[in-house]
Amino acid sequence: MIVLKFGGSSVGTPERMKNTARIIQNQQADKKLIVLSAISGITDELEKFHKFLKKKNNKSAKDQIDKIQQKHLDFIEELFQENFSIQQAKEFLKTSIHNLLNCLHQPYQSNFEGICLAQGELLSTKIFQVYLAEIHQKSELLYAPDLIHLNTDELPEVISIRKKIQSYFQQFSKTDVFITQGFICLNHQKELGNLQRGGSDYSASLFGAALQAKEIQIWTDIDGVHNNDPRFVNQTSSVKHLSYEEAAELAYFGAKILHPQSIYPAKIQQIPVRLLNTLAPDLPGTCISSHSKNKKTVAIAAKDQITAIRIQSSRMLLAYGFLKNIFEIFEKYKTAIDMITTSEVAVSLTIDSTKNLGLILKELKNYGNVEVDSNHSIVCVVGDFSGKTHGKAAIITDALKHLPIRMISYGGSEHNISVLLPEEYKIEALRSLHARLF
Ligand code: ADP
Ligand code: ASP
Ligand code: MG
């Protein structure tokens, strides 16, 4: 059993969807679970639609629906040869459009966001299944929200996914190709929800772990994880092997190619994750496993929209329990801390979710002076920074000496050195580090 996930760009045009079908048919495995994203750009359009809906901007919302409908109609017309397939796909498109119109014609409810955003993956998977049928490839389409349910901490549970998916596999024991939606799930209120933008990678990893798959393949538009962000840096190159820890650091600290949480489920079950390029399927890409032992600097990534908070207090001097009190505030408001540095009289930390920032700041002020700096980036260098290595931090700080660094984190793990700096210096930091490190 293998899990193959195809991102939006791999199903972004009818030609690419056909190519995806060919890749699947060329894979050797007794059973394959195909996890698909929405056609590229559609989740953005659905997000826009939902924003108009929320603002009661009905005219723009209706225009958005027309745009989404037309994009799918063009896709369907070009993809299929047979009228029967076109009719089937169009019928399904009607249902999705009807769901969106339903939201438009009712007073706004909080569950509309989940319903709207889910339509992209619901459509792409159905269109793909109809296409597989047209090329005589039998498949079974599974409804991901039946399989992935989030608990009250918004976390999915692999054991419950395993039970549910195995019962489908028994029910369809003769089928060898299964298709399901990435990204979408049921939230803890049992309404349609999702695993956050880019979440199809996470779905694939959860399904892989649940099924104890031989391998999880993430097919995208580039030959695996590159050693820097190719959107900002020229002459990046693909990293052949990564350990789970290195991959998790890169995913968490912004390498867009992987969803931040997508490594953990695979790591727990020790399932290799292979990142491959649909446009060049023969290239080796990147293999993430426990066997990788990189001795050098591996890659650089950056994460934007970081808020830094500094709490300064003389009460911290020689006191214990101060940090505990501070951390409890973040725990209370379910806000993850990314970086932290301390001195005798101050603590600086960073968060990426500002949902509860106001409430957090109000409570932090009981402990001292609080300063907040928004619009920062964490630039993270991943590699071997164990105690045995020398001089790596010096190279990194030297490469960034012309930039205003707000925080440095070294030694938190053996795999990561991170710096925080204002967002406008991110690209220069990525380029300058690249020039020095590779
Ligand atoms: P998909 O639609 O297949 O999920 P994504 O757009 O989410 O694809 O991720 C692939 C993109 O991630 C690449 O096209 C590339 O621009 C970007 N990217 C950012 N950082 C990296 C990196 N370190 N290595 C490879 N790609 C990266
Ligand atoms: N379609 C979703 C998004 O664009 C999920 C994904 O592509 O991974 O974010
Ligand atoms: Mg993605």
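The values are calculated or read from the model by the stated rules, or taken from the named source; none is laboratory data. Everything numeric in this text was worked out from a predicted model, so none of it was measured. Neighbour counts are summed over all protein chains in view; Cβ atoms, including those assigned to glycine, are modelled from backbone coordinates with ideal geometry. Side chains are part of the model used for accessible areas, which takes the heavy atoms of the whole protein and leaves out ligands, DNA and RNA. Shrake-Rupley method; radii C 1.70, N 1.55, O 1.52, S 1.80 Å.
Listing for the model above:
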{"quantity": "Helices (runs of 4 or more DSSP H) contained in segment 1-95 and holding at least 3 residues surrounded by fewer than 17 Cβ atoms within 10 Å (Cβ to Cβ) and away from ligand 2 (no atom under 14 Å from the Cβ)", "calculated": "14-26, 58-79"}
{"quantity": "Candidate set: segment 129-140, residues that are in contact with a strand residue (DSSP E or B) (Cβ under 6 Å, 6 or more places away or on another chain) and crowded, with 18+ Cβ neighbours inside 10 Å; chosen: the one nearest to Lys174 (Cα to Cα)", "calculated": "Ser139"}
{"quantity": "Within segment 246-265, tally of residues that are away from ligand 3 (no atom under 16 Å from the Cβ) and under 14 Å from Val381 (Cβ atoms)", "calculated": "2"}
{"quantity": "Scope segment 234-256; condition in a loop (DSSP other than H, G, I, E, B), open to solvent by 40 Å² or more (accessible area, probe 1.4 Å) and not small (Gly, Ala, Ser); matching residues", "calculated": "Asn234, Gln235, Lys240, Lys256"}
{"quantity": "Close pairs from segment 311-332: first at pLDDT below 80, partner in a helix (DSSP H, G or I) and surrounded by 11 or more Cβ atoms within 10 Å (Cβ to Cβ), Cβ under 6 Å, at least 6 apart", "calculated": "Met316/Phe322"}
{"quantity": "Looking only at segment 61-111, and only at residues there that are touching a residue at least 12 places away in the same chain (Cβ under 8 Å) and of a type in the set (Lys, Arg), the one that is nearest to Gly12 (Cα to Cα)", "calculated": "Lys71"}
